[in-house]
Amino acid sequence: MIRSLSISFLLFALTINVYSANIDLRLEIFSGDLSMFDNSIIPVITYSDSSAFSPSSPILIFEDGDVLTIKVVNSDINVHGFKVDGLIDIGSIAAGDSVTQVITLIAGIYKYYDPTSIENQYLGLSGLIHVKESGDLTPYFYWNLREHEPELNNAVSSGGSIDQTLYSPKYYTINGNSGDAIDNDAQAKIFGNVNSEFRLVIMNHGLSIHSMHFHGYHLLILDNSKNSSHNGRDKDTFPVYPGHYQLLSATPDKPGEYPIHDHNLIAVTGGGQYHTGMITTMLIAP
Ligand SMILES: [Cu+2]
């Protein structure tokens with residue numbers, strides 16, 4: 001009796017995994033203001049998964065085989081678009097218009113972005129999609145890195161273009177946050193336990209290279225979009241190139257609280273103040 005019960009439970013569990021979810025996602029493009037820790041305001045354009053402006057484009061998490069019906073609404077005054085290399089190409093969307101597409105998702109880490117210009121991506125129109133392998137229960141943390149030069153955001157918002165030879169960012173954010181807000185972001189702040197694996201996805205949406213340095217622990221590169229021969233390396237510093245990502249795994253061997261920061265120390269500042277940019281700590285409990 002007990003055996004037949006456990007077999008039928010197993011079949012039930014298998015059945016759940018066979019069917020993938022049908023998911024409706026609505027992303028709306030808005031322009032608005034991103035506030036820094038020192039109250040300075042930077043004009044940005046982002047995708048939002050609600051009907052109101054979001055200060056940064058959302059992190060979208062799905063599972064392998066999910067069937068996604070995605071509707072992208074352009075509520076900005078200029079033409080924008082939506083593209084994920086190798087997965088979705090909605091192309092361009094006129095101001096006030098929307099486009100809907102249905103796709104079956106394949107496990108992986110992807111950057112979604114507005115293909116109409118690098119300027120629109122710089123202003124905030126790019127984000128992270130993580131399609132998990134089915135049954136993946138590992139805890140994940142996500143860091144979307146971005147720099148901001150307020151004068152450039154103002155110039156680009158009024159039709160200007162980016163000249164990277166003059167690029168001089170003043171703020172450095174993780175998931176759109178600076179200062180103490182980074183430590184209050186549950187998707188970014190790493191809490192873990194000894195002997196328990198966690199994973200971290202770092203994606204660079206900016207124009208500068210960010211080399212993230214971990215104190216206390218080594219992490220393993222499970223996957224990266226820049227150079228697949230680096231997968232499997234076990235180390236403590238990971239350069240993330242513009243437009244690229246690193247998927248890292250760690251199984252902490254000891255408890256403690258250790259810093260993680262960009263080794264390019266200018267990126268640890270914000271508005272000229274140290275310790276307000278790309279820096280946080282990792283808290284590992286016994
Ligand atoms: Cu360091």
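No lab work stands behind these numbers, since they all come straight from the coordinates. No experiment lies behind these values; they were computed from the predicted model shown. Cβ placement follows ideal geometry from the backbone for every residue including glycine, while neighbour counts extend to all protein chains displayed.
Residues of the stretch 128-147 being in contact with a Lys or Arg (Cβ under 7 Å, 6 or more places away or on another chain) and outside any loop (DSSP other than H, G, I, E, B), which ones?
Matches in the stretch 128-147: Leu128, Tyr140.
(1) part of a strand (DSSP E or B); (2) closer than 16 Å to Pro242 by Cα; (3) among the aliphatic types (A, V, I, L, M): which one isn't true of Ile162, the others all being true?
(1)
Looking at Gly159 and the list (1) on the phi > 0 side of the Ramachandran plot; (2) under 20 Å from the mean Cα position of the chain (by Cα); (3) surrounded by fewer than 15 Cβ atoms within 10 Å (Cβ to Cβ), which single condition is not satisfied?
(2)
Can you tell me which residues in the stretch 254-265 are more than 14 Å from the ligand (Cβ to nearest atom) and touching a residue at least 60 places away in the same chain (Cβ under 8 Å)?
Those that are more than 14 Å from the ligand (Cβ to nearest atom) and touching a residue at least 60 places away in the same chain (Cβ under 8 Å): Lys254, Pro255.
For the stretch 229-253, enumerate the residues that are surrounded by 15 or more Cβ atoms within 10 Å (Cβ to Cβ), more than 16 Å from the ligand (Cβ to nearest atom) and outside any loop (DSSP other than H, G, I, E, B).
If the condition is that a residue be surrounded by 15 or more Cβ atoms within 10 Å (Cβ to Cβ), more than 16 Å from the ligand (Cβ to nearest atom) and outside any loop (DSSP other than H, G, I, E, B), then Tyr245, Gln246, Leu247, Ser249 are the ones that fit.
How many residues does the stretch 82-119 contain that are under 17 Å from the mean Cα position of the chain (by Cα) and either over 20 Å from Asp66 (Cα atoms) or not aliphatic (A, V, I, L, M) (or both)?
9
Name the residues in the stretch 201-218 that are in a strand (DSSP E or B) and more than 16 Å from the ligand (Cβ to nearest atom), would you?
At the first step, the residues of the stretch 201-218 found to be in a strand (DSSP E or B) are 201-204, 210-214.
Correct list: Val201, Met203, Asn204.
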